[in-house]
Structure formats: structure tokens, C-alpha cells
Amino acid sequence: MRPIVRRRVLQGLASISAAALLLNSKGACAGVALKDAAPDFTLEDLDGRNHALSNYRGKVVLLNFWASWCPPCRFEMPSLERLYQSKMKQSFMVLGINQGESSENAFASLGLFKPMPTFPILLDSKSQVAKSYSVQGLPSSFLINRDGRIVMRAEGERDFSSTAMLKFIDDLLL
């Protein structure tokens, strides 16, 4: 099998496995657990505007903790953008939370992403929000339902534009 074909097959299998893990997450995690109320926070975006999680109540929200130095974070960012573009006209929001970096580093890294994210990139330079969510590694993502409860936690790279993920989110948007 040619290397490019083998890589695509492995990526497809990884995406299927990741979707299965996402959809079968039932247990508690250290700190916040599934069905817990998502800890509220207020963070600035790259333009200096404040975003409070509580302002998105009534929407399904995907929080994605990432850093520019994290290769899996960079690999999954395009799928986050595809997901955001496909659901942005519904009651859905993606919030990218850059963990532990300066605004300059976070901003400079955006040019690495194809396509570049159009959803808000928030700065958690002291990792306080990451601590409140008990983030252990990057990337880490949390899906929050309209009632402000955590319904999914994913650690590690995921394909957020997969059919399984789109179906999972569509069910939350009903």
C-alpha cells in the first residue's frame, strides 16, 4: 500500500475510533464529570473582547483547549473550523481556548491553520480555566449542552467534522 493511502486509511480508522470513544464516554473524569454544570469563566479573545461561558447559555458549546506547540491540536483545528462552519447558523458555538501562551504566540500560530479558525480564540494564559476543567493534556475538548451541562469530554486529537460527531451535535440541537 502506498504511504499516502496507508496514512489516509489509518486517519480514517483513528477518526472512527475517536468517534466511538466520544459517543461512549459515560464515566466521570478527574474534577468535572459528565452531566456536571460546566464551570463558568470569562476570558478575552485575541481582539480584547470578553467572552463569558454563561453568555452562551441556550446554545450547544464546544470548548477546545489547545496550544500552538501541540501537534495534535494543530491537526484537529481544521475539523473544528469545518464543524463550526457547518453549525454556526444554528444554536452552536466553538470556543478555542489557548492554554498557557501569550496573545502574541496564539495569534502568530493562527497562520499555521488551513483554514484559519473563524470562531473565537480565547486566552487562558495562566491556565486558570484549564484547571477548573481539570485539563490534563492537550488537546482537550468539552461539549456543553443548552442547559450548561457537560455531555462529552475528549482528550487527544479528534475529527470534529466526522459523521458521528455531527449526528451527536445535531441530537443536542433538537
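Bear in mind that the values in this text are calculations on the coordinates, not laboratory data. Note that the coordinates shown come from a computational prediction; the quantities given were computed from them, not determined experimentally. All Cβ positions, even for glycine, are placed from backbone atoms using ideal geometry, and neighbour counts span all protein chains on display.
Miscellaneous remarks
- 3J(HN,Hα) from dihedral phi, segment 87-100, Karplus parametrisation 6.51/-1.76/1.60, rounded to Hz, x for glycine, proline: 10, 5, 8, 9, 7, 9, 9, 10, 10, x, 10, 6, 9, x
- Extension gain, Ser125 back to Asn145 (0.36 nm per residue minus Cα-Cα distance, nm): 4.6 nm
- Amide H partners (placed H, <5 Å) of Arg149, local residues excluded: Ala38
- Between Glu44 and Met116, the FRET efficiency from the beta-carbon distance, with R0 = 25 Å, is close to 0.85.
- Theoretical FRET efficiency, 1/(1+(r/R0)^6), r = Cβ-Cβ of Ser54 and Arg82, R0 35 Å, to 0.05: 0.85
- Here the Karplus relation 6.51 cos²θ - 1.76 cosθ + 1.60, evaluated at θ = phi - 60°, turns the backbone of segment 37-45 into coupling constants of 5, 5, x, 6, 7, 10, 10, 7, 8 Hz, with x for every Gly and Pro.
- When segment 70-149 is described by a simple charge dipole with +1 on each Lys and Arg Cβ and -1 on each Asp and Glu Cβ, the residue from Leu143, Gly96, Met116 located farthest towards its positive end is Leu143.
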